[in-house]
Amino acid sequence: MLFNSFDFAIFLPVVLVLYWTLPRRFQNPLLLVASYVFYGAWDWRFLGLLWLSTLTDYLVGRALGTAAETGRRRRLLGLSLFVNLGILASFKYFNFFVESATSLLEQFGLSADGPTLRIILPVGISFYTFQTLAYTIDVYRGKTEVEHNPLTFALYVAFFPQLVAGPIERAQRLIPQLAEPRSRIGFDQVRSGLFLIALGLFKKVAIADALAPYVDEAFSGATTSGWITLLVGVYAFGLQIYGDFSGYTDVARGVARLLGIELMINFNQPYLSRNITNFWRTWHISLSTWLRDYLYIPLGGNRKGNVYRNLMITMLLGGLWHGAAWTFVVWGGLHGLYLSVHRRMRHKSPVGPVDPFRWRDVIPTLVTFNLVSLGWVFFRAETFSQAFEVLRGIATLRAGPVNWNALGLLVGMGGLGLLIDLVQRNQADHTIVLSWPAAARGVAYAVLALGLIIFAGGDAIPFIYFQF
Amino acid sequence: MKATTDSDPAPAANTKARMAGLAALAVAVIVFGIAEAAARAIEPRLQPPVLWGDLETQWKVAQMDGLAAGGGADVVFLGSSIVNAGIDPALFAELSEPGTVVYDAALNATSPQLLELWATEIVLPRLQPDLVVIGLSSRSLNDHGISQAEQYERYVESIERAFEIGEATIPQRIDRAMSNVSAVVRLRSEIRRPFAVFNDLRGTTRSLLALTDQGATTRLRGMEYHVSSAFRAQTVELDLVDYQIGGVELAALARLVDEIRSIGARVLLVDMPVMEADYTPMHPNGQADLDAYRAALREFADQNDVHLATPPDLPWPAEQFADPLHLNQSGVDRLTTWLWETTNGG
């Protein structure tokens, strides 16, 4: 079920009404059923994997709570890693690895027909496996309490607002909220929750979906499109993926807030970053902190000598997390390279809060944005040849007709997106608009409503990150 | 939903906040009202909103609604742009007995899969023709054609088609109800294209789809032969890509023929003339693909007992084409005259 679908527009009010009218002891059972309905609406067979992951980590967590011996604790952690990463490996990466190995053998003149699986990728598999793994690792490390209530734990894994595309919540933050009955919801929570939903849908529908056809046009015509069309397509994809993913997060946070649950901020004006390190501190925060805590630091983190190797490994695997394709690995590697270079020259470009109105920050911000945009070419392209054709077309200033509608929309939506980010800059909750004077607030409401009316319609377009 | 009392502000502050909220909503309504007024003001100068797959489909449905009110048509042409541009229904009518109504119901970029739906749902019920001429080229039977698939999707997904076949969803019904009330909603497909709106307002929109009263496109008739890089790219990468006659399009063609016969009309298939010297190499396997297409078409005609007509003296010279697929005025006159002779026992 998509947040931007008619089904969800019926589903959410029904859940909210039941949630706030039923006795409190029914809140979590209702949310769990609603979450399974929400997820099962894609394909009920996917629920089996979700249950497997939930059951494994619930039981492993409880066993870790009583296990004192280091060896046994390690074995239990290994079991969780085996099951969760096994699910990922089987359903997301199996064909990729087989095809890559076959291709490698062919390079050496050897012929091999490896088995491939005819499976579809379960929605959100990378998100919930990482979330439940984080719980088990934290229990193993003694950083979080064991959750004994199976209902609460199952809801932690399956909570529908963030189940399929995050934020990847930590147990310490989400489980205590789910364990306590939600007794009241304030007017301000309702208002800000609704505002976040409207803002998120606006970003998704009026920015991401509006630009999507022009991105598709540029990349599908990589070999023939003119350089302006290609450049517009690349920048438009940067806006599309930001609007799409941060819009999803806003809706998720808004829906959760209406249920009395607070989810973490996942994006904090990443395109206003003046260096790549800042970008990764503000882009998909729940994933970048997950990679930092459960991969980068265990690899050795910032310890002298290994830091560049650790950065590269983390970013390469982060790229692979996004999709089973070498283009994602290259995207991750490119960012690993950026981060390594920035680390070398960090004294010249310190990490810190961003102020794009300071003239000295404008150029570094633009450079960072363009480096990120270069990475998006590999992220969006279906093949390396498509990515290189896009870059070749731009670099050689290939002649071709200009789609002025695409350019106009890019400038308009880019400007609007920039305005939204400037307004929310350094704000903790992204609902600063609600504290504006009535007239300004009214204009903002009207812009959101007009954007949704003008750009909505037709079938709901799935969120990009669902495929990961 | 219960309202909180945890940290209720003082009643005065509460009232003030509520008033501010109402004021904000009032401002939002005013802004929306201004947008609505602006949309209504520019509406007469904009292209009509696209409610079918594309504007051409929309215009043809409207034209056929008019013809249906007058009793339909005697002769109907079906096919893609090759028929749209290549046959002159006015000349055909002129050559026929007085009062013969001829209509070109071809749609750009179509293949038999879409033609089947288009004819069954729209054309045949409205026009009730006696004769249907289906013009085909090798691109028509490519099961992997991308532009053909895109056009099919546009038609199948269009809101008006959903209403036409009685399968409109609740969101589509809401959409239509809102469109009837609000110009912002009605014009949104246009407003999404800022440059198109700008051109509409300046009055400089190029009318690429100008149709004659009988549904034909005349834009290419005055052109001399030319192969643009855009045409080549479109044909190679979208129309003839992964060329394969796998049976999907042929099966759709068979169903289309059956549907036409079921209303008592005659069917004629025409293998449309193309500028072979330039068009053949655009196929992935060149001449082999074109030969496969012609063999498949002959076999289809035999199996389905349909008359297949091939224009005389092929290949026609470049002077009769605007591009490798579309005829110009000279070619249109020649083909239409031959077609009339063929269908009238010539």
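Some observations on this one:
- Residue-normalised accessible area of the stretch A:5-179, given per residue in Å² at a 1.4 Å probe: 47
- Cβ-Cβ distance of A:Val33 and A:Arg292, R₀ of 25 Å, FRET efficiency by 1/(1 + (r/R0)^6): the value works out to about 0.10.
- Of the DSSP H helices in chain B, those whose Cα atoms cover at least 18 Å axially and whose Kyte score averages 1.0 or more: B:11-42
- Pairs of lysine residues in the protein assembly as shown that meet both criteria, 8 or more places apart or on different chains and Cα atoms under 27 Å apart, total 4.
- Charging the Cβ of each Asp and Glu at -1 and of each Lys and Arg at +1, and nothing else, the dipole of the stretch A:5-179 about its Cα centre rounds to 620 debye.
- The overall shape of the stretch B:245-305 is prolate: from the C-alpha gyration tensor, with semi-axes ordered a ≥ b ≥ c, the ratio a/c is 1.5 or greater and a/b exceeds b/c.
- The residues neighbouring B:Gly21, those whose beta-carbon lies less than 14 Å from its own, together hold a net charge of +3 under the Lys/Arg +1, Asp/Glu -1 convention.
- The stretch B:1-143: projected area of the alpha-carbon convex hull, averaged over directions, in nm²: 16.6
- Once the C-beta distance of A:Phe82 and A:Ser5 is scaled by a Förster radius of 45 Å, the resulting FRET efficiency is 0.80 to the nearest 0.05.
- Using the rule -39500 (n - 2.57) for each DSSP H run of four or more residues, divided by the residues of chain B, the 222 nm mean residue ellipticity is -15000 deg cm²/dmol.
- Calculated SAXS-style log₁₀ I(q)/I(0) at q = 0.09 Å⁻¹ - chain A, Debye, Cα scatterers: -0.64
- Positions from the stretch B:24-47 whose accessible area shrinks by 30 Å² or more when the full protein complex is built, not the chain alone, probe 1.4 Å: B:Ala24, B:Val27, B:Ala28, B:Val31, B:Phe32
- What separates the Cα centres of the stretch B:19-38 and the stretch A:398-435 is a distance of 23 Å.
- Applying a DSSP loop filter and a limit of 12 other Cβ atoms within 10 Å to the GluC sites (Glu not before Pro) in the stretch B:114-222 leaves B:Glu167.
- Counting only Cβ charges, +1 for Lys and Arg and -1 for Asp and Glu, the dipole size of the protein assembly as shown around its Cα centre is about 5660 debye.
- For chain B, the normalised intensity computed at q = 0.08, 0.14 Å⁻¹ comes to -0.47, -1.19 (log10 of I(q)/I(0), Debye sum over alpha carbons, equal scatterers, no solvent).
- Å³ per residue enclosed by the Cα convex hull of the stretch A:1-53: 72
- According to the Kirkwood relation over distinct C-alpha pairs, the hydrodynamic radius of the protein assembly as shown is 30.2 Å.
- Taking the square roots of five times each eigenvalue of the Cα gyration tensor of the stretch B:88-148, the equivalent ellipsoid has semi-axes of 26, 14, 8 Å, listed largest first.
- At the listed q of 0.13, 0.17 Å⁻¹, the Debye profile of the stretch A:5-179, built from one uniform point per Cα, gives log10 I(q)/I(0) equal to -0.72, -1.05.
- Dipole moment magnitude, nearest 20 debye, the stretch A:1-91 about Cα centre, only Lys, Arg, Asp, Glu C-beta charged: 440
- Length-normalised contact order of chain B in % [C-alpha pairs under 8 Å, at least 6 apart]: 24
The values are calculated or read from the model by the stated rules, or taken from the named source; none is laboratory data. As the structure is a prediction and not an experimental result, all values here were calculated from the model. Note: ideal-geometry Cβ built from the backbone for every residue, glycine included; neighbour counts use all protein chains shown. Please note that ligands, DNA and RNA were not included when accessible areas were found on the heavy atoms of the full protein model with its side chains. Shrake-Rupley method; radii C 1.70, N 1.55, O 1.52, S 1.80 Å.
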